[in-house]
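Working notes, structure below.
The values are calculated or read from the model by the stated rules, or taken from the named source; none is laboratory data. Everything numeric here is computed off the predicted structure, so don't read it as measured data. Backbone-built Cβ (ideal geometry, glycine too); neighbour counts: all protein chains shown.
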Amino acid sequence: MSDTQNEKECPFDHPGVRATEYAGNDDFAAVYNIAPILPGHSLIVPRRHVERLGLLSEDEMCRFFAFARRITGFLLAHFTAEGFDWAIQDGVSAGQTVGHVHLHVIPRWPGDLPSPGDWYSRLRLPITTSPPDAVDSGARPRLSEADLRKIVASLGAAATEAGIQPVRAAPDEGGG
């Protein structure tokens, strides 16, 4: 990723993507994937605009993975999953298509895909270039806005009940 994609242009700062956040703190957000590979597919995203994993400070790195571990445990319990995949595509050569570091958390079950490693080829499908909140593959079916809102509300309530810090207040996005 080049330095030309600054935080002003970052799709993770787009209100449409922020609306998929179901848990977070001052430093990190857990957002539901708009085109999930499997149920529960979420992204862990630093709030600070950081293009590459290595640009996180040592302290941020520790807190990033601690937050990811907490969200992963929550997702495993919530979706009664037996395992999970974590993926970070760091750099264009690794398949990074959005210039903001993020960790994919994908809950897994026996037989959920034809082969256990099939999730990766689904992750690497090219992203759409529009709308401006496009942070995922246009080749995978996107959830409807209504379904996405319902899932995010349910996850947010369950995360709060599980003692995970709720989403911090966001600016009014016109949707109420």
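If the condition is being more than 20 Å from Leu38 (Cα to Cα) and in contact with a helix residue (DSSP H, G or I) (Cβ under 6 Å, 6 or more places away or on another chain), then region 77-97 contributes only Asp90. Note on region 21-117: enclosed strands (runs of 3 or more DSSP E) holding 3 or more residues that are more than 18 Å from Gln165 (Cβ to Cβ) are 83-87, 103-108. Picking from residues in region 80-93 that are more than 16 Å from the chain's Cα centre (by Cα) and modelled with pLDDT of 95 or more, the one that is surrounded by the fewest Cβ atoms within 10 Å (Cβ to Cβ) is Thr80.
Sort out which residues of region 145-156 are more than 8 Å from Tyr22 (Cα to Cα) and exposed (fewer than 14 other Cβ atoms within 10 Å of the Cβ), and write them in order of number. Result: Glu145, Ala146, Asp147, Lys150, Ser154. I'd like to know if region 83-91 contains one or more residues that are at negative phi and in contact (Cβ under 8 Å) with a residue 60 or more places away in the chain. Checked against the condition, which is being at negative phi and in contact (Cβ under 8 Å) with a residue 60 or more places away in the chain, region 83-91 yields no hits at all. For region 104-140, a residue qualifies if it is loosely packed, with under 14 Cβ neighbours inside 10 Å, touching a strand residue (DSSP E or B) at 6+ places or on another chain (Cβ under 9 Å) and at pLDDT below 50, but none of them does. Against the list (1) loosely packed, with under 13 Cβ neighbours inside 10 Å; (2) at pLDDT 85 or above, the condition Gly174 fails is (2).
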